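Below: one structure, written as C-alpha cells.
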Amino acid sequence: MAITCDEKFQSRKTTGGEQPAEDLIFILRGSDDEVALLSALLSATSLYYNGMIRKTWDVEQIDNGLWVGTVKYGRIDTARWPVGTITIAADTTGGQMHLSQSISTVHKYAPAGKTAPDFKGAIGVTQDNVEGVDVPAPEFKFTVTKVFAKGTTPDLGDCYKLKSKTNAASFTVTDTFTGITITLGVGECQFLGLKFTGQRFDTNIEICYEFMAAPNATGLIVGDITGIAKGGFEYLWTRYDEVVDATAQRLVRRPTAAYVEQVFFSGDFSVLGI
C-alpha cells in the first residue's frame with residue numbers, strides 16, 4: 001500500500017523574532033516503516049518555506065498504519081547554504097551622471113524686447129563650450145552569491161577575463177529563497193568582478209559576483225536629432241557647432257551630431273557558472 005502524506009487541518013505554527021520558526025504537521029498512512037515514512041515526509045515537503053530552511057523532521061505513531069509527521073523550518077544559516085543555492089542582494093542608491101542635454105527646455109527668459117536663444121536643450125552654454133550639469137542618476141548594482149561543491153567552481157582566470165565586459169546574450173539569475181528573478185537583455189549587464197574567500201568548513205565554496213545594470217534605450221532625442229538607439233553601457237556624446245538662431249538673431253551653440261560609442265567589450269556570462 002502506498003504511503004499517503006496529507007497536511008493536518010490547523011497544522012501550522014509560526015514563530016517570529018530573532019529565531020523565526022514554522023512547524024508543519026502531516027498525517028501519514030499506509031506503512032509502519034519509520035524510514036519509509038520519513039522519506040515520504042521529505043518528498044511531500046519543500047526544502048524552503050517562507051524564507052526559512054527545513055531543519056528537522058520526525059514521525060510519531062498514533063495507531064496501526066497511522067502516523068503524525070512534523071517538519072520544522074528555521075532561520076537559514078548562511079554558512080550552511082546547500083550546494084546550488086543562489087542569493088541576490090541589490091542596491092539602487094547612489095549614482096551620478098553628467099548631462100550636456102536636457103529632456104526638454106521648460107522655460108526661456110530674456111529681457112523685455114529681447115528673445116532668449118534656443119540652444120535645443122544644451123545645458124550651460126557659454127561662448128566657447130557646453131558645460132552641462134552633474135545630476136543624481138539611477139544606478140542598479142546587484143550581487144549574486146552561489147554555493148559550489150568542491151571541484152565544481154568555474155575557472156577563476158576565465159571569470160577574471162570577463163571583468164568590465166557586458167553580456168553578449170540575455171542574462172537571467174533567480175534567488176533560490178525568494179524566487180526573485182533578474183533578467184537583462186543583451187548589453188544591459190556589466191560584470192564588475194567576483195570575491196572568493198576560500199573553502200567553507202563543510203568543504204563547499206561560495207563565490208560572490210558583482211554586477212551593474214543599465215537599460216538599453218531607443219527613440220532618444222538630442223536637439224533636432226531623433227531616433228537614437230543606445231545600449232545600456234554604450235556612450236552617447238554630442239557635437240555642438242555654432243549656428244544662426246534666426247529668431248534671436250545671433251550665433252548659438254546647438255547639437256549638430258550625436259554619436260553612440262562602444263566602450264566595453266562583450267563576453268559570455270555562462271562562464272561564471274550561474
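Output the peptides 212-220, 252-260 sorted from most to least packed, where packing is the average of other Cβ atoms within 10 Å over each peptide's residues.
Put in order of decreasing packing, that is 252-260, 212-220.
What is the sum of charges around D245, taking Lys and Arg as +1, Asp and Glu as -1, for the other residues whose C-beta is under 15 Å from the C-beta of D245?
Residues near D245 contribute +2 overall.
At a threshold of 8 angstrom on Cα-Cα distance, excluding pairs fewer than six apart, so keeping six or more, what relative contact order does the chain reach in percent?
Across the chain, relative contact order equals 15 percent.
Rounded to the nearest Å, what's the spacing between the alpha carbon centres of the range 148-173 and the range 41-97? Just the number, please.
First find each Cα centre; the distance between them is then 27 Å.
Note the direction-averaged projected area, equal to a quarter of the hull surface, for the Cα convex hull of the range 1-148, in nm².
18.2
Give me the net charge of V125's neighbourhood, meaning all other residues with Cβ under 13 Å from the Cβ of V125; Lys, Arg count +1, Asp, Glu -1.
Once all neighbours under 13 Å are counted, the net charge is -1.
Given all pairs of different Cα atoms, what value in angstroms does the Kirkwood hydrodynamic radius of the range 166-274 take?
By the Kirkwood definition, the hydrodynamic radius is 17.4 Å.
What whole-number volume per residue, in cubic angstrom, does the convex hull of the C-alpha atoms of the range 60-132 give?
283
Going down the table (K141/K163; K195/K230; K72/K195; K150/K195; K165/K230), which pairs top 22 Å between alpha carbons?
K195/K230; K72/K195
Kindly state, as a whole number, the per residue volume in cubic angstrom of the convex hull around the alpha carbon atoms of the range 15-95.
Dividing the Cα hull volume of the range 15-95 by its residue count gives 127 Å³.
If you average over every viewing direction, what projected area does the convex hull of the Cα atoms of the range 93-239 give, in nm²?
13.1
Would you please report the Å³ per residue occupied by the convex hull of the alpha carbon atoms in the chain?
Per-residue hull volume (Cα only) is 217 Å³.
Computed from the coordinates by the stated procedures, all read-outs in this text should not be read as laboratory data. Keep in mind the model is a prediction, meaning the values are calculated, not measured. With ideal geometry, Cβ positions are generated from the backbone for all residues, glycine too; neighbour counts draw on all protein chains shown.
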